[in-house]
Every structure is written in structure tokens, then in C-alpha cells.
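One structure is given here, and the rest of the page talks about it.
The values are calculated or read from the model by the stated rules, or taken from the named source; none is laboratory data. Because the structure is predicted, anything quoted here is derived from the model rather than measured. All Cβ positions, even for glycine, are placed from backbone atoms using ideal geometry, and neighbour counts span all protein chains on display.
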Amino acid sequence: MTQILNIALDLPLATLFDYRADAVGKEDIGRRVLVSFGRRKMVGMIVALASHSDHPAAQIKPVLQVFRDTPPLPQDILALLQFCSDYYHHPLGEVIFTALPQRLRSDQPNTLPSRRTYTLTADAPFLDELPARAMVRRKLLQHLQQTGAAPREALLALSSSAAKHIKEMLALGWIAQRQEARPPLAATPSSSCAPLPPQLNPEQGEVVAEVQSAAPGFIPWLLLGITGSGKTEIYLRLTASQLEQGRQVLVLVPEINLTPQLEARFQTRFPGIPVVSLHSSLNDTERLHHWLLAQSGEARIVLGTRLAVFTPMPELGLIIVDEEHDGSFKQQDGLRYSARDMAVARAKQRDIPILLGSATPSLESYHNALSGRYRLLRLTQRAVEEAQLPTIRRIDLRTEKPVDGLTAPLLRALGENLARGRQSLVFINRRGYAPVLTCNQCGWLAPCLRCSSKLVVHLREGRLRCHHCGHEERIPRACPDCGNPDLAPVGQGTQRLEDVLTEHFPSARILRIDRDSTRRKHSLKEMLHEVHEERVDILVGTQILAKGHDFKRLTLVGALNVDGALYSADFRAAERLFALLMQVAGRAGRAAEPGTVLIQTQFPDHPLFEALLRQDYEAFAATQLAERKQAGFPPFCHQALLRAEATRLETALDFLRQARNLAGADDPAITVYDAVPAPMARLAGRERAQLLVQAESRQTLQRFLHHWYTALSALNARQTRWSLDVDPLDF
Ligand code: ADP
Ligand code: ZN
Ligand code: ZN
């Protein structure tokens, strides 16, 4: 019987498409299909079966192929993606195809690879029966003799001609091949015994007991615990109890490259338990396999970044979101979703608990905890008894004049730490040599011609680079305006700091870690290894270094250039700075030795520092929430930003003015602001403008956006690219 199907396609259209197929039933919902769309063929997904179509039967095209190579996307994930599409007002087809691993977006066959292993047969010759020149065969046979059975990869690694010899020896009947229909999982053999977990301290014990004694079902927990207070230990305990109950656990982290230790900790704690990771540095095949292993239930723990929130997990029992405040949980282009918020939605939908952890929660989450929507758990002490909180001090830039960015007290402290054989970290949130190049005669500043920004000096490479659009050019020999050859880099970046520190401390081993120095794959890992091996005295780095790394010998941190965020137009800048400084401070004195943090600032009396010195997140959050409440900012309201870009600013603004007219002015619960140029008005040659919409309740905003989005979609916007950003973090 021919069935009509609602198919989602990866197109920027908020509609499903009708196709027909034979021998397709309910069990095929969530399967990928191949259809012809216009002149091309596209992969789509069956979202629903329909009893009839509004289109004449003759116009409904048949599905070309139903892919049965992988299991269909389960119903709960489809429902989550539908929710995501509704909430962010983004076409369902695009949402689905953003969530799927790349390989499932294509029409190539997708299966788990068979894992081929080889064993010796009774017909295999003895090694001394082989002629002397049969070197490769001898090597392969010897390996099989020693190991009993070996995966194909292990044999291939022994010689470049191994593949040829394997084939020949199979033909000779010397070896036998066995197929296992799955790739090796990242799990240590179950025979190795797990290290004993540490005894929980009383605070940790209370937290675990509270979570475990709660009624089953959806509970959002917010775990507020300073760096080193043992949050990860809590994650491990709660995971253990889920595993015992036969449940799967999903752990979301902001940047898996920056938290390599977390994966290792899960694997060593649960030997024999299959753990898979899902993050951007996997290749497409690995990503697909990990996804399928999670979906089949073989993988019990999934550790991943943002996109992993959509991983099918049939026996999911708990979601953990580490560093829940981190901005990288929000995707900043295409489907602008928050993985943390989708994780909460998913937990609610599955009726399971979710644990959000952070030393500095987002004010949204903290506010939810204070108002009773989330349940608050606190860890106030460092877990290891002798580990002390670092001492944080301010260096007043008004009295201590910096030379090349560094003040005398900071240099002195670095010198002393070096003499004591300890590691130091100098933190500055700007890579490159200097943020601008200027002409001392006429005041010219090297601009990016495609953006409203300045070019950053990268002296090592002799180039100027735009950190926004990627534009690059040679450093000019003379000022293009007045011809003066005396051009000077102004301000500090990591490269310059590295040079200056080398001048001051010629014997010190200095290592710079930023996006430029770690561009090569694995280079970050190698560099971190150097630090752990104590082959580094002074680290210079950006926020790459702020997160998650546990450097045992690091006892001094200097923080430069933090003032910009104190009086920023962005109302979230202070929140971010506080989180960053708490994190940076968390790097100092992780082990037995106390650490010191020195912050250079022009505004030592700013209340942010008062709270920071006491490492008192809740005091800081209280002042911030009071300010936000008074100003009517989130979390006391809910926002959406309509962004538009065009080749001319006026075109983008015009579009937004039309959009504003469509919004109507009658609903007092909705505030629609004026269309304005974006703070960064030009980016990569496009002019950008934006329009802010705000409401006190999320439901009101959602209801408004629903109607507005439909009206916007009908607008003629051929010259303008526009997008809606619900709960925007960046303006
Ligand atoms: P966080 O995730 O809050 O930064 P961790 O869980 O990484 O903290 O704990 C910090 C350090 O303390 C780690 O080295 C961890 O092994 C150790 N630790 C955590 N809990 C305990 C405990 N109960 N007893 C002993 N050591 C602990
Ligand atoms: Zn000039
Ligand atoms: Zn640019």
C-alpha cells in the first residue's frame, strides 16, 4: 500500500514535504530517505506518516530509497529536536540535520565497521621452517604466536607490506580471519581492577546522599562548588549508581580538548565499562560509530561537547553538565541553541535528574536555584585537606606603572617563584604580539577593511591579522597615510609577553599556549605534557589555560588586561570576567602548596574584586542579580535578538524596521526596541544590524515569536540575511 510521508529536508524552510512510498510503516519514522527535490537528490528524514496530502496525488513524488543501514532516530530524540525547532524558531529539517553525525547526512552506506582479527591455524608453519628472507611473514606469525589473536590494525602496523602477506597467508590457510561486528570500545579490560575511590568528605557525602535519596524523576540540580572542591568526584559517584541500575549516563563538557583529564578519570574509575566521546576532533567515521554505540546501548557513558546532547541513549538515567556557565554550550551560528538548556529539556522529557555543575554558575541557573526551580547543592571546601585556597591580590596600576605590560611587583613575584623552582602562569586574554599597529606621526591605526575592527600584529609571522574575519596582510613598511616608516605595535599580546619575559628571565623555560601556538593537532596535548613533566617554568597563555587543567607545581598566577570588562556595555561582561578569574585562580595551588594570584588593575576598588578576593561567588551573584533586576535584564526578563546583515547597513536596518512594524505595538507585555547597528557593525564585508525583543515571561515571548516568525518568513528579504537568536548571549 502506498503511504504518504512527511519528510524533513535540510532546507531553510519551516515546512515538511510530502512524498510517497510503498512498504513503509510506523516503525520507519526516524529513518533517513533519499528523495528528489527540484533537480537534485537529497537525504531527508521521515518525521510522520500522513493519511492524506493537500497536494494532488499526481504531484507527490515517490521516495527513491529508504535507508535501513542504521536504526531509525528514536522517538524521544525526534521529540527533542521538534522542541528545539519550536523553541529557537528554526526549521525542523535544519535542526535534525545539524544534530545528526555528518555521515548520516549523506547517502553513503553507514554501518559499524567489522573488526577483523586473525589467529594461527594448525597449518601454519613453525617459524624456523620459514626461509630466511621471509621477514615480514616471520614478524606477523611471531606476533600471532605471542598474542594468540590480533586485530588487523595491529598487524598492519608491523610492516608496510603486511596487507599483502595477510592476504597470501589466508590463501595458504596459515591464518584464519574472524569478524566482529563492532569497533573496539574505549574500555579497559574488566580484569584490571579499579582504583579505590576516595572516601567522600562530609560535604560531598551530604551532596551525594541528597541526590540519591530524592524521589525518582525529573529534578534539575545545581551543584555550586569551588574549583577543586570535588565536583568531578560527585559526578563519578552518581554515575556509578546509575551504571549499577543498568542506566546510561550523558556527560556534557564545554570543550573536550581542554578537559582531557575528565575522560581519563571516567575511564579509570569504570574499567570494563564502555565510554565513548563525541566532540569535534573526531573524524566523521569515529563520530558515527560512537553515536551508533550510544544508540545501541553498548556505550554506557557518553562524554561530549554541545552536539552530544542529541545523542540517542535508550537507557539514559542521568545527565551531567560540567561548567554549565560556559559560553561554548551556546552555538553562535546556524541553529543558535544552548546545549545546557536542551539538556534540561531532555531530562524533563525523559523524566530523569540532571546535574549542572560549576564554580561560577550562570546567573540564569543560579537565579533558578534561588527561586526554587532548581535545587541547590553546595561544596564550599577544597576536597584535598591540605590544598588551600589561593591568596588573591590586586596590583594598582595607578601607582605601579607597568613597563611592557608588567608591573614591578608581578616581576618580583615571578622571579622569586622561579628561584624556588615553581611554575608560574601569566594570563592575558589576547593572542598575537600587540592588538594594534599605529603610526607615531599621524595616529593611523591599521584597520581591517572588511570589519569594524583593528588588525592584530603577529610579529613572528610578520603579518597583520583580523581576529574576526581571518583577513591577513603583510606588516607594511611605512604608514599608508603619511609615509612615516616608524610604525609601532601598541599594547600587549601573548607573543610580546613571551618576548618580554624572556628578556627578564633569560634562564627560564617559557612556554606560550594560545590558539596560534596550538594550531597543529595534538600540539596542545604535547605542550600540557611538557608542563606536567615540569619542563616549563613560566607559562604564558590565554583562556585555553584557564579550564580544567590540574598543574600540581603551579603556584603563581598573574592576570593582565582585565579592566575592559569592568565597565563594558555588555551586561554580561562582569559575569564572564568573574568566572574567568575564578577559573584562573583555580589553577594556582591545586596541591599542597598555597598559591598566589596577582591581578593588575586600574580599578582595585571595584566590587567584583572584593567578592573575588574572598572567592565568594554568591556575594558577587547577589550584587549582579540586584543590578540586573533594577535594569530589567535577564534573568529578570527573556530576550530574543533579530539579526540582519546586508551589503549596505541601510538595507539591513530597513528590513528590521519592517520587522518592527509587523510586531505591532499593542501588546504591553512585549517590548520591541529600535533597530540599531550591531556593536560590530561590519564583519567580513557585511553590514550588520539588530533588533531586540524582550518580555517578562518566557511563555509570552514564545507566543509572540511564533506569530512574528511566521510573518517575518513572508517578508521579502532578498537583499538581507536574517536570523533569530532566542536567549542571545552575545550582542
Ligand atoms: P572539581 O571538579 O570540583 O574541580 P575534583 O573532583 O577534580 O574537583 O577534585 C579535586 C581534587 O581532589 C582531585 O585531585 C580529586 O581526586 C581530589 N578529591 C576529590 N574528592 C576527594 C576526596 N573525597 N578525598 C580525597 N581526594 C579527593
Ligand atoms: Zn602616518
Ligand atoms: Zn576583519
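Is there a residue being buried (at least 19 other Cβ atoms within 10 Å of the Cβ) and farther than 23 Å from Pro109 by Cβ anywhere in segment 283-301?
If we filter segment 283-301 for residues that are buried (at least 19 other Cβ atoms within 10 Å of the Cβ), which is where we start, we get 287-295, 299-301.
With the extra rule that they be farther than 23 Å from Pro109 by Cβ, the set shrinks to 300-301.
So far as segment 283-301 goes, yes, one or more of its residues are buried (at least 19 other Cβ atoms within 10 Å of the Cβ) and farther than 23 Å from Pro109 by Cβ.
Quick test of your reading of the structure: Arg394 fulfils all but one of (1) surrounded by 17 or more Cβ atoms within 10 Å (Cβ to Cβ); (2) within 29 Å of Met527 (Cβ to Cβ). Name the failing condition by number.
Only one criterion is unmet by Arg394, namely (2).
Within segment 205-235, how many residues turn out to be in contact with a Pro (Cβ under 9 Å, 6 or more places away or on another chain), within 12 Å of ligand 1 (Cβ to nearest atom) and assigned to a helix (DSSP H, G or I)?
Qualifying residue count, segment 205-235: 1.
This table checks each residue for (1) surrounded by 14 or more Cβ atoms within 10 Å (Cβ to Cβ); (2) part of a loop (DSSP other than H, G, I, E, B).
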{"residue": "Leu81", "(1), (2)": "yes, no"}
{"residue": "Cys84", "(1), (2)": "yes, no"}
{"residue": "Glu94", "(1), (2)": "yes, no"}
{"residue": "Thr98", "(1), (2)": "yes, no"}
{"residue": "Tyr118", "(1), (2)": "yes, no"}
{"residue": "Pro125", "(1), (2)": "yes, yes"}
{"residue": "Pro131", "(1), (2)": "no, yes"}
{"residue": "Arg137", "(1), (2)": "yes, no"}
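Taking strands (runs of 3 or more DSSP E) that do not extend beyond segment 398-505, which have at least 1 residues that are crowded, with 19+ Cβ neighbours inside 10 Å and without any contact (Cβ under 8 Å) to a residue 60 or more places away in the chain? Break it down stepwise before answering.
Numbers: elements: 423-428, 436-439, 456-458, 463-465, 472-474, 487-490.
In segment 398-505, 436-439, 456-458, 463-465, 487-490 are the strands (runs of 3 or more DSSP E) which contain 1 or more residues that are crowded, with 19+ Cβ neighbours inside 10 Å and without any contact (Cβ under 8 Å) to a residue 60 or more places away in the chain.
Under 9 Å by Cβ, and 6 or more places apart or on different chains, what pairs join a residue from segment 202-228 that is over 24 Å from Asp341 (Cβ atoms) with one that is loosely packed, with under 12 Cβ neighbours inside 10 Å and of a type outside the set (Val, Ile, Thr)?
Gly205/Gln199
Would you pick out the residues in segment 584-608 that are surrounded by fewer than 22 Cβ atoms within 10 Å (Cβ to Cβ) and assigned to a helix (DSSP H, G or I)?
The answer is Pro607, Leu608.
Name every residue in segment 354-373 that is within 17 Å of Ala215 (Cβ to Cβ) and buried (at least 23 other Cβ atoms within 10 Å of the Cβ), in order of residue number. Step through it out loud before you land on a result.
First, the residues of segment 354-373 that are within 17 Å of Ala215 (Cβ to Cβ): 354-355, 372-373.
Within segment 354-373, Ile354, Leu355 qualify.
When the residues of segment 431-457 are filtered to those that are in contact with a Cys (Cβ under 6 Å, 6 or more places away or on another chain) and not polar (S, T, N, Q), which remaining residue is farthest from ligand 1 (Cβ to nearest atom)? If you could, list the steps in order and put the result at the bottom.
Within segment 431-457, the subset in contact with a Cys (Cβ under 6 Å, 6 or more places away or on another chain) is 439, 441-442, 444, 448, 450-451, 455.
Subset that is not polar (S, T, N, Q): 439, 442, 444, 448, 450-451, 455.
On the way: Cys439: 47, Cys442: 51, Trp444: 47, Cys448: 39, Arg450: 41, Cys451: 38, Leu455: 38 Å.
Per the criteria, the residue is Cys442.
Within segment 286-295, is even one residue away from ligand 1 (no atom under 16 Å from the Cβ), assigned to a strand (DSSP E or B) and either under 29 Å from Leu545 (Cα atoms) or among the charged types (D, E, K, R) (or both)? Steps first, please.
Of the residues in segment 286-295, the ones away from ligand 1 (no atom under 16 Å from the Cβ) are 286-295.
After this cut, where a residue has to be assigned to a strand (DSSP E or B) as well, the list is none.
Taking every residue of segment 286-295 in turn, none turns out to be away from ligand 1 (no atom under 16 Å from the Cβ), assigned to a strand (DSSP E or B) and either under 29 Å from Leu545 (Cα atoms) or among the charged types (D, E, K, R) (or both).
Among residues belonging to segment 506-519 that are charged (D, E, K, R) and part of a loop (DSSP other than H, G, I, E, B), point out the one that is nearest to ligand 2 (Cβ to nearest atom). Spell out the reasoning first.
Step one: list which residues in segment 506-519 are charged (D, E, K, R), which gives 509, 512, 514-516, 519.
Of the ones still in play, those that are also part of a loop (DSSP other than H, G, I, E, B) are 509, 514-516, 519.
On the way: Arg509: 40, Asp514: 30, Arg515: 30, Asp516: 28, Arg519: 33 Å.
The qualifying residue nearest to ligand 2 (Cβ to nearest atom) is Asp516.
Looking at (1) within 16 Å of ligand 2 (Cβ to nearest atom); (2) modelled with pLDDT under 95, which one does Arg430 not meet, given that it meets all the others?
In the conditions (1) within 16 Å of ligand 2 (Cβ to nearest atom); (2) modelled with pLDDT under 95, Arg430 misses (1) alone.
Restricting to segment 425-472, name every residue that is more than 11 Å from ligand 3 (Cβ to nearest atom) and over 17 Å from Arg496 (Cα atoms).
Here is the first cut: in segment 425-472, the ones more than 11 Å from ligand 3 (Cβ to nearest atom) are 425-446, 457-463.
Residues satisfying the conditions are Cys439, Asn440, Gln441, Cys442, Gly443, Trp444, Leu445, Ala446.
Residues of segment 19-47 being within 19 Å of Leu104 (Cα to Cα), out of contact with any Gly (no Cβ under 9 Å at 6 or more places or on another chain) and without any contact (Cβ under 8 Å) to a residue 60 or more places away in the chain, which ones?
Residues of segment 19-47 within 19 Å of Leu104 (Cα to Cα): 27-37, 40-47.
With out of contact with any Gly (no Cβ under 9 Å at 6 or more places or on another chain) added as a condition, the list becomes 27-31, 36, 40-43.
Once the filter is applied, which keeps residues that are within 19 Å of Leu104 (Cα to Cα), out of contact with any Gly (no Cβ under 9 Å at 6 or more places or on another chain) and without any contact (Cβ under 8 Å) to a residue 60 or more places away in the chain, segment 19-47 yields Glu27, Asp28, Ile29, Gly30, Arg31, Ser36, Arg40, Met42.
Considering every residue within segment 699-710, establish whether at least one is more than 16 Å from Tyr87 (Cβ to Cβ) and without any contact (Cβ under 8 Å) to a residue 60 or more places away in the chain. Quick ask: steps written out before the conclusion?
The first filter runs over segment 699-710 and keeps only residues more than 16 Å from Tyr87 (Cβ to Cβ), leaving none.
Checking segment 699-710: not a single residue is more than 16 Å from Tyr87 (Cβ to Cβ) and without any contact (Cβ under 8 Å) to a residue 60 or more places away in the chain.
Say whether the condition of being more than 16 Å from ligand 1 (Cβ to nearest atom) and in contact (Cβ under 8 Å) with a residue 40 or more places away in the chain is met by at least one residue in segment 377-390.
Narrowing segment 377-390 to residues more than 16 Å from ligand 1 (Cβ to nearest atom): none.
No, segment 377-390 contains no residue that is more than 16 Å from ligand 1 (Cβ to nearest atom) and in contact (Cβ under 8 Å) with a residue 40 or more places away in the chain.
Got at least one residue in segment 65-77 being in contact (Cβ under 8 Å) with a residue 12 or more places away in the chain and under 22 Å from the mean Cα position of the chain (by Cα)? Can you show your working first?
Of all residues in segment 65-77, those in contact (Cβ under 8 Å) with a residue 12 or more places away in the chain come to 65-77.
Next cut, under 22 Å from the mean Cα position of the chain (by Cα) only: 77.
Yes, segment 65-77 contains at least one residue that is in contact (Cβ under 8 Å) with a residue 12 or more places away in the chain and under 22 Å from the mean Cα position of the chain (by Cα).
Please enumerate the residues belonging to segment 374-386 that are surrounded by fewer than 19 Cβ atoms within 10 Å (Cβ to Cβ) and either under 15 Å from Pro594 (Cβ atoms) or touching a strand residue (DSSP E or B) at 6+ places or on another chain (Cβ under 7 Å) (or both).
Taking segment 374-386 first, the residues surrounded by fewer than 19 Cβ atoms within 10 Å (Cβ to Cβ) are 375-376, 378, 380-381, 384-386.
Residues satisfying the conditions are Arg375, Leu376, Arg378, Gln381, Val384, Glu385, Glu386.
Per-residue answers, yes or no, for (1) surrounded by 14 or more Cβ atoms within 10 Å (Cβ to Cβ); (2) within 16 Å of ligand 2 (Cβ to nearest atom); (3) within 30 Å of Leu293 (Cα to Cα); (4) at pLDDT 85 or above:
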residue: Leu141; (1), (2), (3), (4): yes, no, no, yes
residue: Arg178; (1), (2), (3), (4): no, no, yes, no
residue: Arg182; (1), (2), (3), (4): yes, no, yes, no
residue: Ala186; (1), (2), (3), (4): yes, no, yes, no
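I need the full set of residues from segment 465-496 which are within 12 Å of Gly432 (Cβ to Cβ) and more than 15 Å from ligand 2 (Cβ to nearest atom), in order please.
Correct list: Arg465, Cys466, His467, Glu472, Gly491, Gln492, Gly493, Thr494, Gln495, Arg496.
I'd like to check something: does segment 633-648 contain any residue that is within 16 Å of ligand 3 (Cβ to nearest atom) and surrounded by 14 or more Cβ atoms within 10 Å (Cβ to Cβ)? Show your work before the answer.
Step one: filter segment 633-648 for residues within 16 Å of ligand 3 (Cβ to nearest atom), giving 645, 647.
Now restrict to residues that are surrounded by 14 or more Cβ atoms within 10 Å (Cβ to Cβ): 645.
Within segment 633-648 (the criterion being within 16 Å of ligand 3 (Cβ to nearest atom) and surrounded by 14 or more Cβ atoms within 10 Å (Cβ to Cβ)), the answer is yes, since at least one residue qualifies.
Being more than 26 Å from the chain's Cα centre (by Cα), more than 16 Å from ligand 1 (Cβ to nearest atom) and modelled with pLDDT of 95 or more is true for just one of Arg509, Arg460, Arg465. Which residue is that? Write out each step before concluding.
Values: Arg460 fails: modelled with pLDDT of 95 or more; Arg465 fails: more than 26 Å from the chain's Cα centre (by Cα).
None of the other options fit; the residue is Arg509.
Please name all residue pairs, on different chains or six or more residues apart, with Cβ atoms under 7 Å, provided the first residue is in segment 646-661 and is touching a residue at least 24 places away in the same chain (Cβ under 8 Å) and of a type in the set (Phe, Trp, Tyr) and the second residue is surrounded by fewer than 21 Cβ atoms within 10 Å (Cβ to Cβ) and in a loop (DSSP other than H, G, I, E, B).
Once the first residue is touching a residue at least 24 places away in the same chain (Cβ under 8 Å) and of a type in the set (Phe, Trp, Tyr) and sits in segment 646-661, its partners that are surrounded by fewer than 21 Cβ atoms within 10 Å (Cβ to Cβ) and in a loop (DSSP other than H, G, I, E, B) give Phe655/Ala717.
Please go through segment 241-258 and pick out each residue that is touching a residue at least 40 places away in the same chain (Cβ under 8 Å) and more than 19 Å from the chain's Cα centre (by Cα).
At the first step, the residues of segment 241-258 found to be touching a residue at least 40 places away in the same chain (Cβ under 8 Å) are 242-243, 245-258.
Across segment 241-258, the qualifying residues are Gln242, Leu243, Gln245, Gly246, Arg247, Gln248.
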